[in-house]
1. Amide H neighbours of VAL149 under 5 Å, at least 5 residues apart or on other chains, H built in the peptide plane: list them.
2. Tell me the Kirkwood hydrodynamic radius of the chain in angstroms, computed as one over the mean inverse distance between distinct C-alpha pairs.
3. Of the GluC sites (Glu not before Pro) in segment 1-92, which ones lie in a loop per DSSP and count no more than 11 other C-beta atoms within 10 Å?
4. Using amide H atoms built in the peptide plane, which far-off residues or other-chain residues are under 5 Å from GLY119 H to H?
5. How large is the Kirkwood hydrodynamic radius of segment 84-124, counting all unique pairs of alpha carbons, in Å?
6. Can you tell me the dipole magnitude for the chain around its Cα centre, using point charges on the Cβ only (Lys, Arg +1; Asp, Glu -1), in Debye to the nearest 20?
7. Running a GNM on the chain with Cα contacts under 10 Å, which residue among LEU62, LEU111, LEU129 ends up with the highest mean-square fluctuation?
8. What's the ranking of 137-144, 165-172 by average number of surrounding C-beta atoms within 10 Å, highest first?
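The values are calculated or read from the model by the stated rules, or taken from the named source; none is laboratory data. This one's a predicted model, so the numbers in the text were calculated from it and none came from an experiment. All Cβ positions, even for glycine, are placed from backbone atoms using ideal geometry, and neighbour counts span all protein chains on display. For the accessible areas, the whole protein counts, side chains as well, though only heavy atoms, and no ligand, DNA or RNA atoms are used. Shrake-Rupley method; radii C 1.70, N 1.55, O 1.52, S 1.80 Å.
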Amino acid sequence: ILGGKMFNGGMNNGVELGHMLLVSGGKYCTCGNNGCIEAYCSATALKQEGIRAMQDTPDSMLNKRTGGKAERMNAKVVIDCAKEGDEAAVKVFDEYVDYLGSAVACMINLLDCECVAIGGGVSAAGEFLFAPLRQNVHKKSFFENHGRVVPAVMGNDAGIIGAAMLKRDQDKKL
């Protein structure tokens, strides 16, 4: 939001921060590129890393909770197991927070935003996610006094509501 309105960029394409490069030559992203923020900081990325960790550590809680079945893995399983102290899940979660912290710090360094609101299903982890994320972002931000990092008020619905608002705003211009 810029000046009380949705910012759609200079060419009016919208702004897709999730497809900024985070890791050069990194993991494949569904957009067709490699190393995008989405490939590292989405619930899908957390799920995929949970599957990898489950397969690498057969005695982990991740494995027990899913019965060793990849199709039963999701971000919530990873977060729940990390909350309970499962070593494999904690490692996956900490790496996720580190990548997300890098992405948010880059956005803050680039835009000097007042607030970064994180939505999606992972935001439901609450302070279990946001406390270490804020520390990570603060450590990586250029500015000592930077914008807040908060859960999106609309949680998992934020993306779909934002898309609807973008469509509404485009229709108004026609």
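1. VAL116
2. After inverting the pairwise mean of 1/r, the radius is 17.3 Å.
3. Filter output for segment 1-92: GLU84.
4. ALA152
5. 11.7 Å
6. 420 debye
7. LEU111
8. 137-144, 165-172
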